[in-house]
Each structure stands twice: as C-alpha cells, then as structure tokens.
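A.B. asks: Input: one structure, supplied below.
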Amino acid sequence: MGTRDCQHICDESSPAVGEAGKTGEWRDSFPVIDQEKCLPARQNKPSCFLCWLYCPDAVVSRTIPIRIDMEYCKGCGICAQICPVHAISMANEAGFCRDKTD
Amino acid sequence: MPNGYVLFEGDYAMKTTAVNITEKEYLLPGNRTCPGCALSLAYRYILKALEGQVIVTVPASCLTVLHGMYPVTSVTVPCVNTPFATTAASATGLVAGLKALGKEGLTVLAVAGDGGTHDIGIQALSAAAERQTDFLYICYDNEGYMNTGNQRSGSTPLGAISGTTPIVGKQQNQKDIAAIMEAHGIPYVATANASYPLDLYEKVRKAKMIRGTRFIHVFVPCSPGWGFPFSETIKIGRLAVETGWVILYEVEDGVFRLTSASESIAEKSNLKPLREYLVEQGRFKNITEEQIGILQRWVNARWKRCLDRAGDSQS
Amino acid sequence: MNKKIARKADTWILDGNRAAAQGAKLSRVQVIAAYPITPQSPVTERLSEFVEKRELDAQYIAVESEHSALAVCTSASMVGARTFTATSSHGLAYMHEMLHWAAGARLPVVLACVNRAIGAPWNVLNDQQDSVSQRDTGWIQVYARNNQEILDSIIQAYRIAESIYVPVMVCYDGYVLSHTEMPVDVPSQEAVDRFLPRYKPHTILDPANPKNYNLVTLANPRINAEGVLCHGYMELRYLLQEALQNSRETIVKVGQEFGELFGRSYASMFWEDRLDDADVVIVAMGSLAMEAIVAADMLREGGHKVGVLGLRVFRPFPKAELARALEKSRLVVIFDKNISYGLEGATCSEIKSALYGSPARAVIRDFIVGLGGRDVKAREMADAVKRSLLSVNEGDLNREYAEWICAI
Ligand SMILES: Cc1ncc(C[n+]2csc(CCOP(=O)(O)OP(=O)(O)O)c2C)c(N)n1
Ligand code: SF4
Ligand code: SF4
Ligand code: SF4
Ligand SMILES: [Mg+2]
C-alpha cells in the first residue's frame, strides 16, 4: 500500500468539492428557508438573491426556489442576517429555532 | 430567460447586481475556512471578476488554508504557493515566465494577507511595483496574523488585543498600505470590503483591464480573530465603512473617486461615531477612552483628506 | 566588442564571471533574476548587457534582493521558462529559504555561486563557506576548477537539472576564478542547441486544467478525488533524495555526452591525478584542486608518491566511487576552504563517512585553509602533507579536529 502509483514528483493538487470533508458537520445551527417569504419564490422571477451573493461558502443556489447545499453549509448564519425579508432563520441542530437577529 | 434577467456582459453601463452577476464559481464548497469567513466571500468575487483566467500566487496565510491540502484544492484556478515574503516576486516570475514563453491573456494575480503585505512582503511588493510589473496584487486585510493564531501585524489597530499584544492591546495604529502603494505611482489603487462584494467585483473587473501594477486592498472582518459572532461578519464590515474606519475609493491614474457606500456617506454627511464599530468586537474590550479619541481623530483626518480629494477631482 | 574579450578562433580570454554569463547565454536562458554582490556583480552586468543588446532573448528582472531573485526563478520555472540566477556569500545565505523551496518543488533552476566568505566581519574574498553551508537544501552542487569548467558546467547543469527536476548550483571561487582571465573554449550556439533540448516543465499552470502547487501537505499519504493514494510530506522528501541518489548516473552520462560533442569529458564525479600509484592523496575542491596538483608535483620531486583527487560534485556526494578511489592510499590529506564549526571541514567529514565500512584504511588529515581570501600556496600544501606523513609515521593516527593553516 505505498504511494508509487502516485505520479507526482512534487505536490500537485486538483480541485474537488469537500476538500475539508463534509463541512456541514461543523454546524451547530442551520438555515431554514421560508419559501412563502423568499422574494424570488414569491414573485417567481429572479430577484434579490442576496443570500446567494453573501454566502462565503457558495452553497446557496441562484435558482427558484433557492436551495442550500446542507452537506457543506457551515451554518454561519450570514444568509439569515442578510435576508431583507427575514425569510431565513437559523435552527439549531437539535431542531429548535433560534431567535433571529437583525 | 425570464423577464428582467440580464446576463452580465462586461457592459459597465449596466449595474451589476446579485441577479445578473456571473453565476460561475471558482471556489468550491467544503473548503477549510472558518464559518462566515469574509476572506472566503471576498475571494469568491475576486475570482468571479477574473473569470478564472488567472494564475494565482499565494503566500503562507489563511488563503493557503482555503486553497486546501495536497492532493486536493478547493479552488478551480491554477495556483502557485510561495514563501511568506515572496508573493510579489513570485508574481514577477509568473509574469516573466509567461512573457518569455509568449503566452498572453492571463492575469497574474497575487493575493496575500496583511502580514504578507504590510510586513514581510512589503520589500518584494514595493520593488515589483517600482519595476512596473504587469500584475494585480490584492491584499486581504484581517488586521492580524490569523493563520498563526492571531498575532499583531502592521495592520492591527491601536488598542486591539492580539496574541502578541495580549493584555494592554496594541500601542500603535496601523499603517495605510493603500497610500503607500499609491505613492509608487502605479496606475490603479483601490480599497474594497468583503461586505460590499459588488463594489469589490467591479474594482477587480476594472483592474483586470489595466496594464501595469494594480493594487487592491480588501478589508475582511475575521470573527475568531476579532471576537464577534460569525453571523455578524457582514454587519461588522459595513460598520467599518459607516464609521469611516474603512473608506471605499479608487485611484485611477491619479484620479481619486469615492465609491459605493463611502460615496453615499459623503453625500449624506452621515459618518457614524467610530465607537459603534469598536464596541462590537472583543479585541477592543480593553481599549481606553484616550485611544478611542486618537482613533476617532485619525479617522476624521483621513475622511477629510478623502473628501478633499474627491472634491478636487470633481472640480 | 569589449576589449577584454580577445577572440582567437573559438578560444576567448574570459574571466570566470564572463564564462558564467556566456554559459547562461549559450543555454538560452529565458528568465534571469539576480542581485549584485561582490564578486558576482559582473555576471549580472554581462547578462543585462546581452539582453539589452538583444543578443539574448530573455527577461532580465532586476530584483531588489536575492530572496526575490530565486522566488522569481522558481515561479518562472513553474510556468515553463528556463531560469538562471547568480549570487555569492550573503546573497546565497539570504536565499536559503528559497533554495529549499526550489528543490522541494523540484524546479530545475541553475544558480552560479561565486564562492565568497561570509560575515561578520565583512570580507569579500574567497572561501567556500557560503555554498558548503547550503549543502542540505536539496541542490546538486558542482565546483569548477577553472573558467572553462564554469562555462561547461553551466551548460551541463541545465541538461542534468531538467532531466531529473533537481536544481543545480555551479560554484566557482571568487576572484581566484571570477576575476582571473584564462583562455576558454566557447562552443558554438548550434552545438549547444544540439546538446541542450528545450525545457519541458513537470508543472501545469493552465486555467483549462487548474492545478495547485506547494499546498500544505500532510504528514501521511492522502487519497485524491480519483481515489489514488498520493504522497505525504515524507514520500515527497524521499523522492527528492531518490532523485539525488540516482543523479550521479545522469551527471556522468551528461558529462560523457558533453565530452563526445565538445572534446572535454566530465564523465566522473571527481578529477583524478596520478592516483594509480599514489599512497598519499590530496583532496581539494574547486580551484584549490589545481593548486594541489602543483603541490603534488613538488612532493613527487621529493620522492613521495602523491596523487590528487579534485572534488567536482559535492552533492550528490560520490561515496562509493570515492571509497574505491582512495582504497589503496595510506594517507589522505584534505584541504577545506570551509569549516563546520565545532567539528572540521565539511569535505573531510564527508570523506570519512564515505570510507567508513569500506576496505579503505587511510589515515585522514584535514587542513582548514584559505578562509576569507587567505592565500593558499602550493608550497604550504606540500609542507602540510609532509608534516602529516611525519606524524603518521610516528604513530599519530587520529586527530580530533582539523589543523588550521593560519598565524595563530
Ligand atoms: C518566513 C516565515 N515566517 C513566518 C511564517 C509563519 N506564518 C505563516 S502565515 C503567518 C501570518 C500570516 O498573516 P497574514 O499575512 O496577515 O495572513 P492571515 O493568516 O491573517 O490570513 C505567519 C507569521 C512563515 N510561513 N514564513
Ligand atoms: S435573501 Fe431572503 S428573500 Fe432574498 S433570495 Fe435569499 S432568502 Fe430569498
Ligand atoms: S449559513 Fe452560512 S454557509 Fe450556510 S448557506 Fe447561510 S451563508 Fe451559506
Ligand atoms: S481566521 Fe479569519 S480570515 Fe482566517 S479563515 Fe478564519 S475567519 Fe477566515
Ligand atoms: Mg492577516
């Protein structure tokens, strides 16, 4: 079980999702989207997408409705903070809703 | 294509928004940065603006961590990691190598932290700028050596607690790296802030089209280093601009212009007191009233200088 | 043309620095980054001149430090350019971090080191402390005895470096060679082109196939996205060591081919002079090996069977060949222009370790000479050998430390 099959003579790395593993496991709370409130879903046309814009980890999709890749969402809560209509709230991993902060 | 949905086509007349900005990502999910990392956010837009047509060089820093660990990287652009002091020299080598081989059309992008820029890398950076090296240098500033666990840097503010200013806080204020770089007479200098990703994006787009040394300073709040909850990253970055701690501007061929939020704050003359920004952060918990006064005067003086310059370039 | 370069057929009169610059030019280097330091400065000036006169199609980067010089070279090399730098003494010390980096990233940079003493105190004259102190950075180190060897070694250095992806340092003595004119055969560009193919990098810097280099590497092997088990840090270090271990084959082969094309063979790791019947062997590295031949002549006149072994390649260190070459000698007298403080000269330590476990049973004497430009005369070397012989005959076999030839 050596590394001779690896042809690298120096460290050459290739891109892949999840380099640090399933970063969703780091979360202590997770974003919950209320599609009733979310602007693109409500208007059924591309608009707002601020949560997509501000997510540091690029795990929000710019789609209608928006989706969050929970495998990698680190639960930072920026999307909930940034949403102009409070359509995202953070729930802790035990399932309780945390108070939203503005 | 749904109504009102316009793709960005490099048309500056059209305002870039969250709806029309390029969707393509060059930073992959599952990277190693902390939750709510403003560097990660800023880097997303830097790479978007360059449309992946880059070779990046990165020194030891949180960005090294973001780029990943062999044999996997979280970034879909080519990158050369380089020793801490050598970012701008490494970029010079990339530029020279591409030129020697007759390869055109790629931006050489150097991205380093404040430690790698204000401190250990300033010699190489200054020299590369003086040689008019054709590259874009972006300093992301989290005001400390975060990769090594948050020690003071030349960019740590007066009064801030860090690993090497642990009890009384730092006794000196930060240096103005954008002003230092402007003094090199380079064609483009700008400041930006991760909390204003579209402004950052526009500046990188503009810098991309300019030849010669281009420098952008990007302010990136750092939750573990500064002591605020990571959900507040955007808020802290905005407060920095709203209080004048960070001023968003660009200097193109010597012409100064306020941009984005700083421009509208100037119009409305509604700068907030710096205290509002400081009290949100654990690192300033031991700051004295006297130090707050010194910082406020520093901010006021710089703000006035910027207003004067903005007025000068308009008249 | 510069008056100092008088041209007779293909033989030019060149000092060592000009020979080095010519070697780089003939190798068609594409990116040069260097910072002036005595006695290397003329190399930077000559190369700038070649580039400005468009005699050489290269990017000359006038960097602000040696650290940056090598950083420019490593990154340019990653893009796929052939790179060259030159330095001395404090400049080489200043490069230390980048020396490790270039070798660690397996970049075939070629560096000319004009050997000079290191401060404090300031001294611009010759010894070999600078490059010997860098022996553990993963670079191949070649030492030239004269200006012809400087030029030839630089051309060969690219062949070697680019075929095994290990950087090469070509070292030559400051002033003794750098500023001393000698006749040098300058090969034609066509001949060098035939000898030296284009550089093919092992690195890929292409947005269409984005690779990252020199990322943080873990202690243990790690699986990539395709499921291949990739190296850990230690495996990468092993590969560098393996490359250096195996490089002697490449070095000798390249040296032999060079000989076939240019009539000067370098098909050995060290130079031998009258070793066949010698029971006393003088060992020296660089230009000192030439002085040693004069000393051997003197000793032979006095009836001593003395030979000379001139170390050419210091890294990789030719252990096995050396042990074989010194097998029959009774006494080996080493002259070191460097000192590993607290022990002895570096070449002495290396030779002792080469002989350990071999059939060679020679007594070893080490003399520290020529530090900071102190003149080393053949007469002094001959006397040192005679003194050594005398003491050995009196049964004084082992010395704890080296002897210094100085006025203390
Ligand atoms: C020559 C050298 N000295 C020290 C270090 C250790 N080191 C690595 S990253 C770092 C701090 C980086 O700070 P900065 O550039 O601000 O980036 P950040 O980690 O804050 O993102 C230090 C001191 C090093 N890698 N190399
Ligand atoms: S920020 Fe809020 S309203 Fe806007 S798209 Fe996201 S969830 Fe919907
Ligand atoms: S919680 Fe953070 S990581 Fe998760 S989707 Fe929201 S902004 Fe992105
Ligand atoms: S320490 Fe700060 S800058 Fe570094 S990864 Fe964490 S949040 Fe980002
Ligand atoms: Mg920092």
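A.B. asks: Using the structure shown, decide if residue A:8 is over 15 Å from the mean Cα position of the chain (by Cα), within 30 Å of residue C:229 (Cα to Cα) and not basic (Lys, Arg).
C.D. replies: On the way: over 15 Å from the mean Cα position of the chain (by Cα): yes; within 30 Å of residue C:229 (Cα to Cα): yes; not basic (Lys, Arg): yes.
It is true that residue A:8 is over 15 Å from the mean Cα position of the chain (by Cα), within 30 Å of residue C:229 (Cα to Cα) and not basic (Lys, Arg).
A.B. asks: Let me ask another. Collect the residues in the stretch B:44-67 that are aliphatic (A, V, I, L, M) and within 16 Å of ligand 3 (Cβ to nearest atom), keeping them in residue-number order.
C.D. replies: B:66
A.B. asks: Output yes when any residue across the stretch A:90-97 is within 11 Å of another protein chain (Cβ to nearest Cβ) and among the hydrophobic types (A, V, I, L, M, F, W, C), and no when none is.
C.D. replies: yes
A.B. asks: Same structure again: Of everything in the stretch B:76-90, what is over 16 Å from residue C:201 (Cβ atoms), outside any loop (DSSP other than H, G, I, E, B) and at the interface with chain C (Cβ under 7 Å from one of its Cβ atoms)? Give them in sequence order.
C.D. replies: Residues satisfying the conditions are B:81, B:82, B:85, B:86, B:89.
A.B. asks: Further, regarding this structure: Which condition breaks for residue A:11 when tested against (1) buried (at least 22 other Cβ atoms within 10 Å of the Cβ); (2) of a type outside the set (Lys, Arg); (3) within 16 Å of ligand 4 (Cβ to nearest atom)?
C.D. replies: (3)
A.B. asks: Taking the stated definitions as given, is residue B:70 aromatic (Phe, Trp, Tyr), farther than 17 Å from residue B:216 by Cα and more than 13 Å from ligand 4 (Cβ to nearest atom)?
C.D. replies: yes
A.B. asks: Is it true that residue B:156 is within 16 Å of ligand 5 (Cβ to nearest atom) and either assigned to a helix (DSSP H, G or I) or within 26 Å of residue B:49 (Cα to Cα) (or both)?
C.D. replies: The answer is no for residue B:156.
For every residue, the table says whether it meets (1) polar (S, T, N, Q); (2) surrounded by fewer than 21 Cβ atoms within 10 Å (Cβ to Cβ); (3) assigned to a helix (DSSP H, G or I).
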| position | (1), (2), (3) |
| --- | --- |
| C:344 | no, no, no |
| C:348 | no, no, yes |
| C:358 | yes, yes, no |
| C:372 | no, yes, yes |
| C:375 | no, yes, no |
| C:379 | no, yes, yes |
| C:383 | no, yes, yes |
| C:387 | no, yes, yes |
| C:396 | no, yes, no |
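A.B. asks: Any chance you could count how many residues in the stretch B:185-244 are more than 17 Å from residue B:265 (Cβ to Cβ), among the hydroxyl-bearing types (Ser, Thr, Tyr) and within 12 Å of another protein chain (Cβ to nearest Cβ)?
C.D. replies: Going through the stretch B:185-244 one residue at a time, the tally reaches 4.
A.B. asks: So residue B:88 fits all but one of (1) within 16 Å of ligand 5 (Cβ to nearest atom); (2) in contact with a helix residue (DSSP H, G or I) (Cβ under 8 Å, 6 or more places away or on another chain); what number is the exception?
C.D. replies: (1)
A.B. asks: I'd like the full set of residues that are within 13 Å of another protein chain (Cβ to nearest Cβ) and among the charged types (D, E, K, R), limited to the stretch B:115-155.
C.D. replies: B:130, B:131, B:134
A.B. asks: Give the stretch C:67-91 a look and list any residue that's within 12 Å of chain B (Cβ to nearest Cβ) and of a type in the set (A, V, I, L, M), or say none. If you could, list the steps in order and put the result at the bottom.
C.D. replies: From the stretch C:67-91, those within 12 Å of chain B (Cβ to nearest Cβ) are C:67-85; that's our starting set.
C:69, C:70, C:71, C:72, C:76, C:78, C:79, C:81 - these are the residues of the stretch C:67-91 that are within 12 Å of chain B (Cβ to nearest Cβ) and of a type in the set (A, V, I, L, M).
A.B. asks: Now for a different question. Against the condition modelled with pLDDT of 95 or more and surrounded by fewer than 24 Cβ atoms within 10 Å (Cβ to Cβ), how does residue B:24 come out, does it pass?
C.D. replies: Yes; evaluated as a whole, the condition is true for this residue.
A.B. asks: Identify all residues within the stretch B:54-75 that are over 20 Å from residue B:126 (Cα atoms), among the hydroxyl-bearing types (Ser, Thr, Tyr) and at the interface with chain C (Cβ under 7 Å from one of its Cβ atoms); write none if there are none.
C.D. replies: Initial filter on the stretch B:54-75 (over 20 Å from residue B:126 (Cα atoms)): B:54-55, B:62-75.
Pick out the ones that are also among the hydroxyl-bearing types (Ser, Thr, Tyr) and you get B:64, B:70, B:73-74.
Scanning the stretch B:54-75 gives B:64, B:70, B:73.
A.B. asks: Would the stretch B:111-133 turn up any residue that is away from ligand 3 (no atom under 16 Å from the Cβ), part of a loop (DSSP other than H, G, I, E, B), farther than 30 Å from residue B:160 by Cα and of a type in the set (Asp, Glu)?
C.D. replies: First, pick out the residues of the stretch B:111-133 that are away from ligand 3 (no atom under 16 Å from the Cβ): B:111-133.
Still in the list and also part of a loop (DSSP other than H, G, I, E, B): B:120-121, B:131-133.
Imposing the further condition that a residue be farther than 30 Å from residue B:160 by Cα reduces the set to B:131-133.
If we keep only those that are of a type in the set (Asp, Glu) too, we end up with none.
No: zero hits.
A.B. asks: While we're on this one: Take the conditions facing chain C (nearest Cβ under 7 Å) and either within 26 Å of residue B:173 (Cβ to Cβ) or within 16 Å of ligand 1 (Cβ to nearest atom) (or both) and apply them to residue B:42. Does it pass? Walk me through it before giving the result.
C.D. replies: Numbers: facing chain C (nearest Cβ under 7 Å): no; either within 26 Å of residue B:173 (Cβ to Cβ) or within 16 Å of ligand 1 (Cβ to nearest atom) (or both): yes.
No.
A.B. asks: Looking at the stretch B:133-149, can you tell me whether even one residue there is at pLDDT 95 or above, within 14 Å of ligand 5 (Cβ to nearest atom) and acidic (Asp, Glu)?
C.D. replies: yes
A.B. asks: Of the numbered conditions (1) within 15 Å of ligand 5 (Cβ to nearest atom); (2) free of Cβ contacts under 8 Å to residues at least 12 places away in the same chain, residue B:59 fails exactly one; give the number of that condition.
C.D. replies: (2)
A.B. asks: In the stretch C:299-321, which residues are under 20 Å from residue C:387 (Cβ atoms) and surrounded by fewer than 18 Cβ atoms within 10 Å (Cβ to Cβ)?
C.D. replies: C:300, C:301, C:302, C:303, C:304, C:305
A.B. asks: Hey, can you tell me all the residues within the stretch B:34-63 that are crowded, with 24+ Cβ neighbours inside 10 Å and of a type in the set (S, T, N, Q)?
C.D. replies: Matches in the stretch B:34-63: B:40, B:57, B:61.
A.B. asks: Related question: Could you please find all residues in the stretch C:98-142 being without any contact (Cβ under 8 Å) to a residue 24 or more places away in the chain and of a type in the set (Asp, Glu)?
C.D. replies: Matches in the stretch C:98-142: C:136 only.
A.B. asks: Any idea which of (1) within 16 Å of the chain's Cα centre (by Cα); (2) closer than 21 Å to residue C:252 by Cα is the one residue C:288 doesn't satisfy?
C.D. replies: Unmet for residue C:288, out of (1) within 16 Å of the chain's Cα centre (by Cα); (2) closer than 21 Å to residue C:252 by Cα: (2).
A.B. asks: I'd like the full set of residues that are hydroxyl-bearing (Ser, Thr, Tyr) and in contact (Cβ under 8 Å) with a residue 40 or more places away in the chain, limited to the stretch C:385-408.
C.D. replies: Result: C:388, C:401.
A.B. asks: Could you run through the stretch C:183-240 and say how many residues are assigned to a helix (DSSP H, G or I) and either more than 8 Å from chain A (Cβ to nearest Cβ) or over 32 Å from the mean Cα position of the chain (by Cα) (or both)?
C.D. replies: Just the residues of the stretch C:183-240 that are assigned to a helix (DSSP H, G or I), to begin with: C:189-195, C:233-240.
Pick out the ones that are also either more than 8 Å from chain A (Cβ to nearest Cβ) or over 32 Å from the mean Cα position of the chain (by Cα) (or both) and you get C:189-195, C:233-234, C:237-238, C:240.
Final tally of qualifying residues: 12.
A.B. asks: Let me ask something else. Might you check whether a residue that is away from ligand 5 (no atom under 16 Å from the Cβ), surrounded by fewer than 24 Cβ atoms within 10 Å (Cβ to Cβ) and outside any loop (DSSP other than H, G, I, E, B) occurs anywhere in the stretch B:162-173?
C.D. replies: Checking the stretch B:162-173: not a single residue is away from ligand 5 (no atom under 16 Å from the Cβ), surrounded by fewer than 24 Cβ atoms within 10 Å (Cβ to Cβ) and outside any loop (DSSP other than H, G, I, E, B).
A.B. asks: Run down C:301, C:291 and say which single residue is in contact (Cβ under 8 Å) with a residue 40 or more places away in the chain and charged (D, E, K, R).
C.D. replies: C:291
A.B. asks: Restricting to the stretch A:9-60, count the residues that are within 7 Å of chain B (Cβ to nearest Cβ), of a type in the set (Ser, Thr, Tyr) and either within 16 Å of ligand 2 (Cβ to nearest atom) or in contact (Cβ under 8 Å) with a residue 40 or more places away in the chain (or both).
C.D. replies: 3
A.B. asks: Among residues belonging to the stretch B:134-160 that are buried (at least 24 other Cβ atoms within 10 Å of the Cβ) and β-branched (Val, Ile, Thr), point out the one that is nearest to ligand 3 (Cβ to nearest atom).
C.D. replies: The selected residue is B:138.
A.B. asks: Looking only at helices (runs of 4 or more DSSP H) that lie completely in the stretch A:36-102, which have at least 3 residues being at pLDDT 95 or above and touching a helix residue (DSSP H, G or I) at 6+ places or on another chain (Cβ under 9 Å)?
C.D. replies: A:50-54, A:78-82
The values are calculated or read from the model by the stated rules, or taken from the named source; none is laboratory data. Model, not experiment: these values are computed from the prediction. Every residue, glycine among them, receives a Cβ derived from its backbone with ideal geometry; neighbour counts consider all protein chains shown.
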